[in-house]
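A.B. asks: Quick one: this structure, given as structure tokens, is what I'll be asking you about.
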Amino acid sequence: MQGSLNGTLQIVSQADIPTSSKGPRWLGQATANRIALITPISVARWLLVLIGIAAIYFFHGFLVPVLAALVIAFASWPLYRRLLDRIGGNTTLGATFALLFILAFLIIPIGIAISYAVEEIRQWISWAVEADTTGAPPPGWILALPRVGEWLGAKWTEHIGQPGAIGELIQIVSGANIGNIYRAVIAAGDGLFHLLLTLLFMLIALFFVYRDGANFARQLDLLGERILPNRWERISRVVPATISSTVTGMTLIAIGEGIVLGIAYWLAGVPSPVTLGVITGVMALIPGGAPLSFTLVSIYLVASGAMIEGVALFIWGSVELFIVDKTVRPRLVGGPIKLPFLPTFFGLVGGVKTMGFLGLFIGPVLMALLVSIWREWIREVELADDAMADGEQGELDFVAEPEVESRRVSAG
């Protein structure tokens, strides 16, 4: 009996001995109640940032077409939702129809502009051939220019006015710069091929954004509420409205100014009014581009002797620009974010320098998002300061009330 009791005690005592006799753990004891140095939500945020940086690094070549597809999808998403309601909610069919509409919107105006541009170039080439055969006197508006008119007229007569002068000039220029011309043609071909590839990737990305955009938006909302629980609800409403209104407003204003000023060019008798209207529409995307365009055309009309037409065109363009800038542009561009002039200008210049023509749209959109995030942070700081001031005032009132009550008692 005593032996069995001693054996039981020995077994229990051996069970109570800690396992540290096996040697120390390199990373310490794995206790369940240890507090983590970094919270899981912080780890998730940093992992998301690192994954985003790695994705941009490896797929930066596709960044421009994907951004362009996202911008177009945001701008046209309300119309796409109406299209889905008409066809019964089939996202694949809706994405196909939406892509066909986008292609029609891009190809038809570009095709019309190219046809008119080719016709204009053909007329210029015909005039150059005729001038090289028979010669061409300098235009009157060049001779009428103050101070430089006579000098320009003499240069015109020397290089263009004599029969065969244009051909000799082309031979001299091409012979001396044949290498530069060859490299310029190769660079132009490479740029055109790169543009076509960018458009192709953009259309492919746009199809999948239309088809799977709703599911991706739901997933993004879930993730955004975890990462930014206090800001995501407002940001998720401001960002789509800002992108949609910025792109739609800039496009509509550019198209409208190109059409209105193109009609004014035609009424004023300006040569090549369609080409100049398209150029004015593209320039309208840049701050100050539209007034520069119609001002130069007005100067050309005045120098050509059409004083009334030139002055009328300048007045018409100024009135139209004033109406657009004061009434139409504030309502269309920016949405909830009224983008000032300087951020718009920086967005346009930086976007064109970084992304080319697509930067005209992507640059202002990114700048609008930056301004919206900045204003959101400022709004939260102001709300926090107001809440702190209210809390301090409440404490002061709470402390002051007993003093007032004691004074009343003593006075009574």
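A.B. asks: Taking loop as defined by DSSP and a crowding limit of 10 other beta carbons within 10 Å, which trypsin sites (Lys or Arg not before Pro) in the stretch 112-175 fit?
C.D. replies: Those that pass, being in a loop and sparsely packed, are Arg147.
A.B. asks: Oh, and also: When Lys and Arg each count +1 and Asp and Glu each count -1, what net charge do the other residues less than 15 Å away from Gly164, Cβ to Cβ, add up to?
C.D. replies: Charge balance near Gly164 sits at -4.
A.B. asks: Once phi is turned into ³J(HN,Hα) by the Karplus curve 6.51 cos²θ - 1.76 cosθ + 1.60 with θ = phi - 60°, what whole-Hz value does each residue of the stretch 53-58 show in order, with x for glycine and proline?
C.D. replies: 5, 5, 5, 5, 5, 7
A.B. asks: Looking at the stretch 218-272, which GluC sites (Glu not before Pro) are DSSP coil and have at most 14 other C-beta atoms within 10 Å of their C-beta?
C.D. replies: Passing sites in the stretch 218-272 do not exist.
A.B. asks: In addition: Got a sec to turn the phi values of the stretch 83-96 into Karplus ³J(HN,Hα) couplings, 6.51 cos²θ - 1.76 cosθ + 1.60 with θ = phi - 60°, whole Hz, x for Gly and Pro?
C.D. replies: Each residue of the stretch 83-96 in turn: 5, 5, 5, 6, 9, x, x, 6, 5, 5, 5, x, 5, 5 Hz.
A.B. asks: Which GluC sites (Glu not before Pro) in the stretch 348-390 sit in a loop by DSSP (not H, G, I, E or B) and have at most 11 other Cβ atoms within 10 Å of their own Cβ?
C.D. replies: none
A.B. asks: Where does each of Ile263, Ile107 land when they are ranked from fewest to most other beta-carbon atoms within 10 angstrom?
C.D. replies: Result, fewest neighbours first: Ile107, Ile263.
A.B. asks: If Lys and Arg each add +1 and Asp and Glu each add -1, what is the summed charge of the other residues whose beta carbon sits under 14 Å from the beta carbon of Trp127?
C.D. replies: -3
A.B. asks: Taking Cα pairs under 8 Å and at least six residues apart, what relative contact order does the stretch 55-227 come out at, in percent?
C.D. replies: RCO, the stretch 55-227: 37 percent.
Where a number appears in this text, it was derived from the coordinates with a stated rule and is not lab data. Predicted, not measured: the structure shown is a model, and the values here were computed from it. All Cβ positions, even for glycine, are placed from backbone atoms using ideal geometry, and neighbour counts span all protein chains on display.
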